[in-house]
Amino acid sequence: MSSIYRRVIRIGEKSIGITLPKRWLDVLSVGIGDVVEISLVGKVIVVKPITQAGGETNEVSISLGGSIDETTRVIIASYIEGYDNVEVIGQKDVIRKAFSSVEKKLPGSLMLEGDGSVLIKVATSESNVDLNEVINSMANILNSMFGKFIDYLESNKEDLLKEVLELDDQMDKLYFLALRTIKKLSFRDPKRAIDDTIVVKNLEHAADSLDRLSNAFMRVQATQCRREIGEKLRNVWTYIMRAVYSYLDNNINNALKVLLDREHMLNNMLELANMGCVGLSGLLTASIHEGGQLMVALAADIAEAAFSRHVRSIAKPARIVTGEELNSEE
């Protein structure tokens, strides 16, 4: 561990500061204009770079010779990993088509073509992203998706299903942004980052479930049991949103209620599967059952994350008794 001594100096009229050795900044790849996080931990001041967490490089080069699907996945994974510049070497037509298919889902990304490669650049600054706002926005989108789907069951207006699919595209965009932000800033609070990841992923999975349900109803214009389906899904809607807001609001009572009601909710969806609606296709029956069961499980996971967050907020470090104190007791 390296250490040096520096004198506190005045900077301007109202600020004070200290200087840092250039060789240290070079090791961390931090330069003039970069953002660092300064925090007070006990009686220790900690300075951490947040533009390149852990000193990892933000520029990588990847050679690809695979399909559009593989290239698409590599581009998405590179974005989530927090790379700002990704040089992709391969067939430009493949890279171009792959990037075009996901460009709208990756905030701040753009493609620059060179002579022998393609450069994917990301201009989004994670230091300006409020993760709580992103998660709250994802929750609001999921809430709207449920509302529009229930409205469809009551009105049979297919345009509402199309709106659900459009909202899922917005959810994907926020999902990738949230994962990228968590990855790059996880060093601030690793345990919180794990819980945030669980919540973000489960919100996206719930939205995907509604996306699949909407596609199934667009393929099969069901007329049977619409009221019953709506009632069951409305209960799931309330259940999962209670879980989400128990996490966002740190409401441990609602989180506990979600966990205690899990078995009841699963039985609730089983009742629908066993209802035996005449004329309801196997595709819809399977989609409704799978979607409902999955969302109940996702809600319970989010409630567990809320409990983990709550425990960390109330836990206090155990006090270690020193040898002198033990001797004094004797």
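The values are calculated or read from the model by the stated rules, or taken from the named source; none is laboratory data. Since the structure is predicted, the reported quantities are computational estimates derived from the model, not experimental observations. Reconstructed Cβ throughout: ideal geometry from the backbone, glycine too, with neighbour counts over all protein chains shown. Just the protein is used for accessible areas: all its heavy atoms, side chains included, with ligands, DNA and RNA removed. Shrake-Rupley method; radii C 1.70, N 1.55, O 1.52, S 1.80 Å.
List of remarks:
Residue-by-condition table, conditions (1) under 30 Å from residue 88 (Cβ atoms); (2) at pLDDT 90 or above:
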| site | (1), (2) |
| --- | --- |
| 136 | no, yes |
| 146 | no, yes |
| 175 | yes, yes |
| 201 | yes, yes |
| 204 | yes, yes |
| 216 | no, no |
| 225 | no, no |
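- Looking across the stretch 214-231, the residues that are buried (at least 21 other Cβ atoms within 10 Å of the Cβ) and in contact with an Asp or Glu (Cβ under 9 Å, 6 or more places away or on another chain) come down to 214, 217.
- Condition check for residue 30: on the phi < 0 side of the Ramachandran plot, surrounded by 10 or more Cβ atoms within 10 Å (Cβ to Cβ) and at pLDDT 75 or above: yes
- Selection over the stretch 266-297 of residues that are of a type in the set (A, V, I, L, M), at pLDDT 75 or above and open to solvent by 10 Å² or more (accessible area, probe 1.4 Å) gives a count of 4.
- Hits in the stretch 107-142 - residues which are over 24 Å from residue 37 (Cβ atoms) and in contact (Cβ under 8 Å) with a residue 60 or more places away in the chain: 138, 139, 141, 142
- Filtering the stretch 112-130 to residues that are within 18 Å of residue 97 (Cβ to Cβ) and either of a type in the set (Asp, Glu) or in contact with a strand residue (DSSP E or B) (Cβ under 6 Å, 6 or more places away or on another chain) (or both) leaves 112, 113, 117, 118, 119, 120.
- The residue list 2, 39 contains one member that is over 30 Å from residue 115 (Cβ atoms), part of a loop (DSSP other than H, G, I, E, B), of a type outside the set (Asp, Glu) and at pLDDT below 80, which is 2.
- Checked across the stretch 150-166, the condition of being under 22 Å from the mean Cα position of the chain (by Cα), closer than 19 Å to residue 294 by Cβ and open to solvent by less than 20 Å² (accessible area, probe 1.4 Å) holds for at least one residue.
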